[in-house]
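Q: Would you mind keeping the following structure in view while I ask a few things?
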Amino acid sequence: MENLIAQKSMAKTDGGHDCARQSSAFSASMEAGSVAIGWEPMSPTDDLPAVSHWKTTQSKNRYAAVERRENLSSASFFSDFVAKNRPVVVPNALQSCRALSCWTTDYLHKVAGNRTVKLKQGLNEEGVTGMKTIMSRLNEYLDCVTDFEARLQRHEVSAKDRPPYLHDLPLLSVLPDAANDLAGFPADYFPRWYQADWLKFAQFFFGPSHSLTPLHFDCLLTHNLFFQVRGRKRFILLEHNQLPLCYRYKWRWCEVNAENPDFMRHPLYREAQVQECTVEPGDMLYMPPGMLHHVRSLECSTSFNVDWHTRASAIHGMVALMRGMPLKNVYYNAVIALGQCTGLSAGRVLPWYRSYLNYVS
Ligand SMILES: O=C(O)CCC(=O)C(=O)O
Ligand SMILES: [Fe+2]
């Protein structure tokens, strides 16, 4: 709440459009027992230094670049990248989807503003141990993000003041009509088993500049196709075999701060082989199972992804029980393996898998 109070007092001094109205709306709705809850600042030591410094230090390309392949056919995608566990960026893969132009903040207000959404607060360089989830009306959240972006431009706030992150929610729960906006989507990048129902497996992300997902791998050891719709994101990537150098905790997270590693604290990371890419609106990024990724929004950003299995990766994901994969995750992998091996369609197995899509690990 302190953050909202701070924003409120700043608002008084500059008198412009601000979070003051939202903050009082948040407080009022909390008093009324509504689901909306205000958010708090991260501790001053968390996360990034002042924005201007961050911009100069973090926009440098310091690591090996992930391969970029324009017009990659789905056949080459499977033979050259999926089969070889290699990441790739396909620029403009979404070029024929109208989502690229229409998924603006105004549009989200209009089509989904009244929905209640779950937000993640405290995803920062310190990791995920301080993370909380809070509920908000989407329109109040969008207003706060808009306000934050305006203040950031004017250098009145810094990265650490950013609002929470709408992170990893089922796309159709936010935008039930997304299919219309994604007509022309290249679904042949998915295995045939997913092609009719891929949208039901898609997860949505919307967040302010500087939003961060710290270093982790995807918890079911799925393949991941990530689609950038608006804004840019920087991915720092490491192959799964680098995991012993990254100081893992809670199954899938790593202590290392991939943007600014502390080699005194994490000396093994000195040897790590690191790659990176920046995805822009329309781009698709493929990450093979287990690839470690640290993701920073360079601007206010809208994205979605689909975690998917082949038969082989689903079975591999079950065997990962021996390596410490939580039982719950093994169950989800078993559901997908069962569907793919018996011919039960993706749509038919979805009821057993759906809770994974709402699962916050
Ligand atoms: O975009 C982000 O912040 C996180 C993306 C991610 O972790 C994923 O696609 O698995
Ligand atoms: Fe991820």
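Q: In the stretch 221-242, what residues are surrounded by fewer than 24 Cβ atoms within 10 Å (Cβ to Cβ) and in a loop (DSSP other than H, G, I, E, B)?
A: Passing the criteria: 231, 232, 239.
Q: Of the residues that sit in the stretch 214-223 and are touching a Phe, Trp or Tyr at 6+ places or on another chain (Cβ under 7 Å) and closer than 28 Å to residue 95 by Cα, which one is nearest to ligand 1 (Cβ to nearest atom)?
A: Selected residue: 222.
Q: In the stretch 62-99, what residues are part of a helix (DSSP H, G or I) and of a type in the set (Phe, Trp, Tyr)? Working first, answer last.
A: Of all residues in the stretch 62-99, those part of a helix (DSSP H, G or I) come to 74-82, 99.
Hits for the stretch 62-99 are 77, 78, 81.
Q: State the number of residues belonging to the stretch 140-166 that are part of a strand (DSSP E or B) and either within 15 Å of residue 103 (Cβ to Cβ) or modelled with pLDDT under 95 (or both).
A: Step one: list which residues in the stretch 140-166 are part of a strand (DSSP E or B), which gives 165-166.
Filter again for either within 15 Å of residue 103 (Cβ to Cβ) or modelled with pLDDT under 95 (or both), leaving 166.
The number of residues fulfilling the criteria is 1.
Quick grid of which residues meet (1) touching a residue at least 24 places away in the same chain (Cβ under 8 Å); (2) more than 16 Å from ligand 1 (Cβ to nearest atom); (3) crowded, with 18+ Cβ neighbours inside 10 Å:
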position: 119; (1), (2), (3): yes, no, yes
position: 123; (1), (2), (3): yes, no, yes
position: 133; (1), (2), (3): yes, no, no
position: 136; (1), (2), (3): yes, yes, yes
position: 150; (1), (2), (3): yes, yes, no
position: 155; (1), (2), (3): yes, yes, no
position: 158; (1), (2), (3): yes, yes, yes
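Q: Tell me, yes or no, whether the stretch 267-280 has at least one residue that is basic (Lys, Arg) and at pLDDT 95 or above.
A: Restricting attention to the stretch 267-280, the residues satisfying the condition of being basic (Lys, Arg) are 270.
Filter once more, so that each one left must be at pLDDT 95 or above: 270.
Looking for residues that are basic (Lys, Arg) and at pLDDT 95 or above, one finds at least one in the stretch 267-280, hence yes.
Q: Just give me the residues in the stretch 292-326 being more than 16 Å from ligand 1 (Cβ to nearest atom) and either over 29 Å from residue 126 (Cβ atoms) or at pLDDT 95 or above (or both), in sequence order.
A: 310, 311, 312, 314, 315, 316, 318, 319, 321, 322
Q: For residues that are near ligand 2 (Cβ under 10 Å from one of its atoms) and touching a helix residue (DSSP H, G or I) at 6+ places or on another chain (Cβ under 8 Å), scanning just the stretch 202-237, find the one that is farthest from residue 150 (Cα to Cα).
A: Among those that are near ligand 2 (Cβ under 10 Å from one of its atoms) and touching a helix residue (DSSP H, G or I) at 6+ places or on another chain (Cβ under 8 Å), it is 222.
Q: Quick one: residue 251 ticks every box in (1) at pLDDT 95 or above; (2) under 20 Å from residue 126 (Cβ atoms); (3) more than 17 Å from the chain's Cα centre (by Cα) except a single one, so which number is it?
A: For residue 251, the failing item is (1).
The values are calculated or read from the model by the stated rules, or taken from the named source; none is laboratory data. Just so it is clear, the model here is predicted, and its values are computed rather than measured. So basically every Cβ, Gly included, is an ideal-geometry build from the backbone, and we count neighbours across all protein chains shown.
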